[in-house]
Every structure is written in C-alpha cells, then in structure tokens.
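Structure first, then comments.
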Amino acid sequence: AEVFANFGARVADNPGRLMRFEAGGVQMLVDYAHNPEGLTGVLEVARSLLGDGSRLGLVLGHAGNRDDRAIEQLAETAAGFAPALVVLKELEAYRRGREVGDVPRILRAALLRCGVPESALLQRQTELEAVRTALEWARPGDVLVLPVHGLAARAEVLELLQQLGK
C-alpha cells in the first residue's frame with residue numbers, strides 16, 4: 001500500500017506515462033500516447049482537468065513507419081477533443097524512411113478535414129521546439145498534452161517542466 005500511495009511522486013517512477021506537471025496555472029501531461037487508444041486516454045484525463053474558459057493544447061507527431069491511415073487515425077482522435085492548439089512536430093529520431101515533413105503533412109490534412117481550424121495548427125521541427133511553442137501559447141487554466149517520444153527529447157522536456165514548476 002505504501003508503494004502504491006507514493007508511486008508517481010518521482011519523475012523516475014514511470015517515465016513517459018501520464019506524468020503530470022503544473023506551472024503558472026497551466027497543467028501539463030506528458031505521455032507516450034503513440035496510438036489512438038493511448039491518445040484517447042490521456043486526452044480524456046486532460047478534458048477532466050479543463051475548467052470554464054480554459055483551453056486544451058496538444059503536441060502531435062507520429063513515427064514514420066506507420067501507414068498513412070494510422071497517422072490519419074491519430075489526427076482524427078486528436079480532433080475529436082477539439083483542441084484550441086495543435087503543434088505538429090517532426091519525430092526526428094523516428095522518421096523511419098519517410099521524408100522530412102511527410103508525417104506532419106498527413107496529420108495537418110487529417111486535422112483540417114476533421115474541422116480543426118488552420119489558425120489552431122502550428123508546426124515545429126523538433127519535439128522540444130513543439131513543447132516550447134505550446135508552453136508559450138498557454139495561459140493560466142489551460143491544459144497541455146505533451147506526447148514526447150524521443151528519449152533525449154523527453155529528458156529535456158522533463159527537465160524544462162521541473163524547472164518551470166519550481
């Protein structure tokens with residue numbers, strides 16, 4: 001019982017899985033969320049944290065070794081939660097044979113088809129740049145979902161979020 005009661009209090013307990021941070025009134029969730037089911041789960045948690053007038057922001061990317069339809073399904077899942085911001089990112093370590101920009105292009109097209117406005121879509125070249133962009137956009141009360149996949153990028157993001165929370 002003691003282990004379960006304290007699990008999640010340390011960053012190292014379950015890295016990349018529903019890690020929660022707060023800074024300046026902004027709540028942030030870091031989760032691997034690499035498929036529609038995982039993204040649905042973390043977005044449901046994020047939705048439960050939203051208050052009146054707060055906005056949902058999301059960083060979104062996918063590995064290049066998925067077929068186009070799988071990439072589209074991830075975007076469709078995200079669109080279903082009506083994010084006010086989606087920062088598309090290149091997964092530089094996970095392009096896996098795709099050209100630079102191919103996965104973000106597929107995600108953008110699917111998000112637009114699902115009704116996400118162009119004004120809500122931004123694109124960055126790295127995971128860290130995408131997270132920084134979402135943090136700059138956020139205001140108190142907002143909730144950010146930050147799926148970070150690369151190990152080095154996740155370490156940088158976690159260090160950044162821990163510094164912000166101090």
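The values are calculated or read from the model by the stated rules, or taken from the named source; none is laboratory data. In this text, all values refer to a predicted model and were calculated from it rather than measured experimentally. Backbone-built Cβ (ideal geometry, glycine too); neighbour counts: all protein chains shown. Side chains included, ligands, DNA and RNA excluded: accessible areas come from the protein's heavy atoms. Shrake-Rupley method; radii C 1.70, N 1.55, O 1.52, S 1.80 Å.
Summary table
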{"quantity": "Total residues in segment 116-155, condition of a type in the set (A, V, I, L, M), out of contact with any Gly (no Cβ under 9 Å at 6 or more places or on another chain) and in a loop (DSSP other than H, G, I, E, B)", "calculated": "1"}
{"quantity": "Of all residues making up segment 105-115, the number that are open to solvent by 20 Å² or more (accessible area, probe 1.4 Å) and assigned to a helix (DSSP H, G or I)", "calculated": "5"}
{"quantity": "Which listed residue, of L128, L85, is under 12 Å from the mean Cα position of the chain (by Cα), closer than 26 Å to L160 by Cα and modelled with pLDDT under 95", "calculated": "L128"}
{"quantity": "All positions within segment 120-135 that are closer than 16 Å to P83 by Cβ and free of Cβ contacts under 8 Å to residues at least 40 places away in the same chain", "calculated": "A120, L121, L122, Q123, R124"}
{"quantity": "Selection from segment 57-88 of residues that are open to solvent by 10 Å² or more (accessible area, probe 1.4 Å) and in contact with a Pro (Cβ under 7 Å, 6 or more places away or on another chain)", "calculated": "Q73, T77"}
{"quantity": "Of residues in segment 93-104 being within 17 Å of the chain's Cα centre (by Cα) and buried (at least 16 other Cβ atoms within 10 Å of the Cβ), the one nearest to E129 (Cα to Cα)", "calculated": "P104"}
{"quantity": "In segment 14-35, residue most open to solvent (accessible area, probe 1.4 Å) [restricted to those that are among the hydrophobic types (A, V, I, L, M, F, W, C) and part of a loop (DSSP other than H, G, I, E, B)]", "calculated": "L18"}
{"quantity": "Number of the condition not met by E136 [criteria: (1) open to solvent by less than 10 Å² (accessible area, probe 1.4 Å); (2) modelled with pLDDT of 90 or more]", "calculated": "(1)"}
{"quantity": "Hits in segment 36-56 (condition: surrounded by 13 or more Cβ atoms within 10 Å (Cβ to Cβ) and not in a loop (DSSP other than H, G, I, E, B))", "calculated": "P36, G38, L39, T40, G41, V42, L43, V45, A46, R47, L49, L56"}
{"quantity": "Subset of segment 51-73 (residues that are under 22 Å from R132 (Cβ atoms) and among the hydrophobic types (A, V, I, L, M, F, W, C))", "calculated": "L56, L58, V59, L60, A63"}
{"quantity": "Segment 15-38 residues that are farther than 28 Å from A70 by Cα, paired with ones that are open to solvent by 60 Å² or more (accessible area, probe 1.4 Å) and at pLDDT 90 or above (beta carbon under 6 Å, 6 or more apart)", "calculated": "G25/P140"}
